[in-house]
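The structure appears right after this line, and notes come after that.
The values are calculated or read from the model by the stated rules, or taken from the named source; none is laboratory data. Small disclaimer: the values here were computed from a predicted structure and weren't measured. Neighbour counts are summed over all protein chains in view; Cβ atoms, including those assigned to glycine, are modelled from backbone coordinates with ideal geometry.
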Amino acid sequence: MNIIFSFLPWLVQGALSSISLPLALGISFLLACWGLKRDSYVIEWTAFCFFLASFITSLFIEGIFFQNALAVLPSVILSVVAWGSLWLAKPFTLHYARSRTPEKAWNTPLFLRVNTLMTIFFGVIFSFELVIKTIRLAYPDLLPYSLFSYAISGSIMVFVPCFPKWYKARAIKRGDIV
């Protein structure tokens, strides 16, 4: 599955939460189910579990505390997934990259380095988003949150397809790989 598509449930939840939280969670859960397959990766399984638990919880709990928690929790969870996968020396992006890369490249230093750097990028983005969302909860009128949200989404859309190609070309040019 495409790594960008894997984040669709999270993006939909963020976009629709201000309209209707149960609707946002329900649609996000359905998207997570749709993206889930037997060979799914950590982001798909995380989305499935998170949106299932959140949707069920939203049926019984409502109010500002729950809304605030759901504003921040996705960033917490995605940060933990990114940094945790690095801590375990299994960058979560490896699974996606392996689905589009010949097996002979899977254990090369370049392949592993690119995926480590991509996972670090995601970890920084998710952590930055967590800080911005936390500030937004404390000071709702302080920051133009939409601007940050679009900038984060845009950076991911540009970075994911471009970075591996750029880094490989850079490594070849520097003579790091033959």
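Scan the stretch 36-49 and give yes if some residue there is buried (at least 16 other Cβ atoms within 10 Å of the Cβ), small (Gly, Ala, Ser) and over 17 Å from Phe66 (Cα atoms), otherwise no. Looking for residues that are buried (at least 16 other Cβ atoms within 10 Å of the Cβ), small (Gly, Ala, Ser) and over 17 Å from Phe66 (Cα atoms), one finds at least one in the stretch 36-49, hence yes. Kindly evaluate Ala97 against the criterion of being within 21 Å of the chain's Cα centre (by Cα) and in contact (Cβ under 8 Å) with a residue 40 or more places away in the chain. Taking the combined requirement at face value, the residue satisfies it.
Please work out if Ser54 is modelled with pLDDT under 80, surrounded by 15 or more Cβ atoms within 10 Å (Cβ to Cβ) and not aromatic (Phe, Trp, Tyr). Considered against the rule, which asks whether it is modelled with pLDDT under 80, surrounded by 15 or more Cβ atoms within 10 Å (Cβ to Cβ) and not aromatic (Phe, Trp, Tyr), Ser54 comes out as no. Looking at this structure, is Arg136 surrounded by 11 or more Cβ atoms within 10 Å (Cβ to Cβ) and among the basic types (Lys, Arg)? Yes: the conditions hold for Arg136. In the set (1) under 29 Å from Pro140 (Cβ atoms); (2) not in a loop (DSSP other than H, G, I, E, B), Leu117 fails one condition alone, (1).
For the stretch 154-171, which residues satisfy the criterion of being within 14 Å of Phe128 (Cβ to Cβ), hydroxyl-bearing (Ser, Thr, Tyr) and surrounded by 15 or more Cβ atoms within 10 Å (Cβ to Cβ)?
The first filter runs over the stretch 154-171 and keeps only residues within 14 Å of Phe128 (Cβ to Cβ), leaving 154-156, 159.
Within this subset, residues satisfying the condition of being hydroxyl-bearing (Ser, Thr, Tyr) are 155.
Matches in the stretch 154-171: none.
Considered as a group, the residues in the stretch 7-25 that are among the polar types (S, T, N, Q) and in contact (Cβ under 8 Å) with a residue 12 or more places away in the chain include one that is surrounded by the most Cβ atoms within 10 Å (Cβ to Cβ), and that residue is Gln13. Take the conditions (1) among the hydroxyl-bearing types (Ser, Thr, Tyr); (2) in a helix (DSSP H, G or I); (3) modelled with pLDDT under 90; Thr101 misses just one of them, which is (2). With respect to (1) of a type outside the set (S, T, N, Q); (2) at pLDDT 80 or above; (3) assigned to a helix (DSSP H, G or I); (4) surrounded by 13 or more Cβ atoms within 10 Å (Cβ to Cβ), the lone exception for Lys90 is condition (3). Please state which of the following conditions Asp176 fails to meet, knowing it meets all the rest: (1) part of a loop (DSSP other than H, G, I, E, B); (2) free of Cβ contacts under 8 Å to residues at least 60 places away in the same chain; (3) not basic (Lys, Arg). It is condition (2) that Asp176 fails. Screening the stretch 9-46 for residues that are hydroxyl-bearing (Ser, Thr, Tyr) and at pLDDT below 85 and picking the one that is nearest to Trp83 (Cα to Cα) gives Tyr41. For the stretch 26-46, the criterion of being of a type outside the set (A, V, I, L, M, F, W, C), touching a residue at least 40 places away in the same chain (Cβ under 8 Å) and in contact with a His (Cβ under 6 Å, 6 or more places away or on another chain) is satisfied by at least one residue.
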